[in-house]
Amino acid sequence: MQNFKKYFPIFANNPWLVFFDSWASAQKPGYVIDWVKQYLENDYANIHRGSYDLSERSELLYEDSKKKVADFINANSRVEISYTYNATYAMNLLATSLARSKQLVKWDKVLVLISEHHANVVPWLILKEEIWIELDFVMLDDNYEIDFEDFKKKLDDKVKIVSFAYVSNVTGTIFDLPKVNEILKKMKNRPLFVIDASQAIQHFKVDVQALDCDYLVFTWHKIMAEWWIGVLYGKKELLKELRPSFSGWWSINWVKKDSFQDAWLPSKFEMWTPNLNWAVSLLKALEFIESIGGYETLTNHENELVAYFLEKFKKYEDKIELIWPKDEKNRVGVFSIKIKWMNQWDVSDFMSEHNICVRAWHHCAEPFMTEYPKTATCRVSLYIYNDKEDIDKFFIALDELLNR
Ligand SMILES: Cc1ncc(COP(=O)(O)O)c(C=O)c1O
């Protein structure tokens with residue numbers, strides 16, 4: 001198994017660290033860290049209205065990052081990419097802009113999955129409180145996949161938005177979104193199809209054209225860039241019609257004392273001083289992924305780790321519940337476990353004493369956690385820098401815990 005740890009300084013600086021919390025936020029390669037430093041030392045200046053060389057150099061890097069992101073998700077054009085701060089911000093911006101543009105009005109219905117991260121629940125709940133939309137939850141089946149019977153039942157004429165995660169951050173299920181799209185396509189008035197790809201994009205290719213989604217959001221700190229940059233993707237013709245719910249300096253064409261005009265795309269949704277060093281960090285994170293062999297490497301490495309973890313886990317099946325789909329093809333490397341007689345916080349505290357970082361509680365998916373596993377879980381999430389030795393250390397600690 002290839003050693004990817006050497007690319008990540010955090011492991012040289014913390015030699016005992018076993019990092020299994022990448023689904024909360026991924027570690028950063030030295031390549032990204034060094035480039036951000038180099039950028040700040042050599043090229044940094046605010047962009048857009050500076051005609052001097054430094055500003056133009058920064059602008060070029062910013063545009064390069066946009067082009068790279070557009071290629072990465074197979075968008076038609078870079079103007080379909082707007083940078084936000086993160087996925088939560090992107091979803092809030094989208095929801096409130098849909099309301100402001102009257103594309104979502106009283107009694108319109110939004111459908112989400114019961115397993116959604118709160119970032120794809122609360123923005124709609126706010127609109128429920130404020131403009132009286134309805135929010136309904138599509139259930140999962142016994143295998144933690146979309147319950148398509150339930151989906152079809154709830155998909156009535158009032159539904160204007162279907163907003164689903166691509167991958168559950170609790171179970172690791174890769175939801176069958178192509179099938180969702182097939183169903184939506186057949187409707188006379190197709191609702192808008194929104195995807196939260198925050199736990200997908202770091203594992204496999206997300207192709208917005210193949211998915212035929214209208215909007216897609218994700219966050220970059222989970223894919224090895226720095227925190228504080230996210231993406232709102234939208235089809236160009238839809239973004240043109242959408243009015244941002246708030247505005248400021250870069251999102252206008254002109255301002256008078258009593259009126260203003262929205263800017264063209266993509267500036268319309270980037271109303272602030274842009275997150276320049278973060279944009280550089282994501283450009284470099286994507287270059288890093290390419291340099292190690294792209295998604296193929298990420299996926300093969302992860303699959304090998306998943307198979308190894310599962311083999312080891314067999315011994316514990318009667319003591320520990322694993323909350324995830326049985327079908328190997330439809331999941332990625334996260335293990336939400338529940339030791340039946342224990343508080344999951346105690347499990348994560350115990351792991352922490354062994355330098356193993358895992359995450360306990362509801363994983364910001366409370367509607368799901370109260371409905372299905374019924375309590376908290378302890379989440380072990382894998383990424384490119386993990387290896388079999390990390391998994392061995394985890395199971396040695398687990399044995400010690402269970403033998404207490
Ligand atoms: C599925 C999903 N959506 C959205 C988010 C929110 O991401 P951010 O905090 O970067 O906005 C997360 C974070 O864990 C997530 O797992």
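The values are calculated or read from the model by the stated rules, or taken from the named source; none is laboratory data. Note that the structure is a prediction, hence the values are computed from the model and not measured. In this analysis, Cβ positions are derived from the backbone assuming ideal geometry, glycine residues included, and neighbour counts consider all displayed protein chains.
Points to keep in mind about this one:
- Selection status of Ser65, part of a loop (DSSP other than H, G, I, E, B), modelled with pLDDT of 95 or more and hydroxyl-bearing (Ser, Thr, Tyr): no
- Looking across region 87-110, the residues that are more than 16 Å from the ligand (Cβ to nearest atom), surrounded by fewer than 23 Cβ atoms within 10 Å (Cβ to Cβ) and not small (Gly, Ala, Ser) come down to Arg100, Lys102, Gln103, Leu104, Val105, Lys106, Trp107, Asp108, Lys109.
- Region 68-91, subset in a helix (DSSP H, G or I) and out of contact with any strand residue (DSSP E or B) (no Cβ under 9 Å at 6 or more places or on another chain), residue nearest to Gly248 (Cα to Cα): Val79
- Selection within region 18-30 - crowded, with 18+ Cβ neighbours inside 10 Å and either more than 12 Å from Tyr383 (Cβ to Cβ) or away from the ligand (no atom under 16 Å from the Cβ) (or both): Val18, Pro29
Yes/no matrix, rows are residues, columns are (1) of a type in the set (A, V, I, L, M, F, W, C); (2) in contact (Cβ under 8 Å) with a residue 60 or more places away in the chain:
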| site | (1), (2) |
| --- | --- |
| Met271 | yes, no |
| Pro274 | no, yes |
| Leu282 | yes, yes |
| Glu290 | no, no |
| Thr297 | no, yes |
| Asn303 | no, no |
| Glu317 | no, no |
| Ile323 | yes, yes |
| Phe350 | yes, no |
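- All conditions but one from (1) in the same structural domain as Val208 (by TED's automatic domain parsing); (2) in a loop (DSSP other than H, G, I, E, B) apply to Ser25; the one that does not is (1).
- Complete set of residues in region 111-163 that are within 16 Å of the ligand (Cβ to nearest atom) and either small (Gly, Ala, Ser) or free of Cβ contacts under 8 Å to residues at least 40 places away in the same chain (or both): Ser115, Ala119, Val122, Pro123, Trp124, Leu125, Ile126, Val138, Ile146, Ser163
- Meeting the requirement of 3 or more residues that are in contact with a Leu (Cβ under 8 Å, 6 or more places away or on another chain) and either crowded, with 22+ Cβ neighbours inside 10 Å or assigned by TED's automatic domain parsing to the domain that holds Thr88 (or both), the strands (runs of 3 or more DSSP E) wholly within region 323-404 are 334-339.
- Selection of region 215-263 for residues being within 16 Å of the ligand (Cβ to nearest atom) and more than 16 Å from Pro274 (Cβ to Cβ) yields Tyr215, Leu216, Val217, Phe218, Thr219, His221, Lys222, Ile223, Met224, Tyr233.
- Failed condition for Val32, given (1) closer than 30 Å to Met351 by Cα; (2) of a type in the set (Val, Ile, Thr); (3) touching a strand residue (DSSP E or B) at 6+ places or on another chain (Cβ under 6 Å): (3)
- Only residues that are farther than 11 Å from Phe72 by Cβ and not in a loop (DSSP other than H, G, I, E, B) were counted in region 225-237, giving 5.
- Enumeration of residues in region 31-60 that are in contact (Cβ under 8 Å) with a residue 60 or more places away in the chain and either surrounded by 13 or more Cβ atoms within 10 Å (Cβ to Cβ) or closer than 30 Å to Asn169 by Cβ (or both): Tyr31, Val32, Trp35, Val36, Tyr39, Tyr44, Asn46, Ile47, His48, Ser58
- Those residues of region 75-104 which are within 15 Å of Val122 (Cβ to Cβ) and among the aromatic types (Phe, Trp, Tyr), in sequence order: Tyr89
- In region 238-265, the residues that are crowded, with 17+ Cβ neighbours inside 10 Å and not in a loop (DSSP other than H, G, I, E, B): Leu239, Asp262
- Positions within region 191-214 being away from the ligand (no atom under 14 Å from the Cβ) and closer than 24 Å to Ala70 by Cβ, in sequence order: Leu192, Phe193, Phe204, Lys205, Asp207, Val208, Gln209, Ala210, Leu211, Asp212, Cys213, Asp214
- Selection status of Leu286, within 16 Å of the ligand (Cβ to nearest atom), surrounded by 18 or more Cβ atoms within 10 Å (Cβ to Cβ) and in a helix (DSSP H, G or I): no
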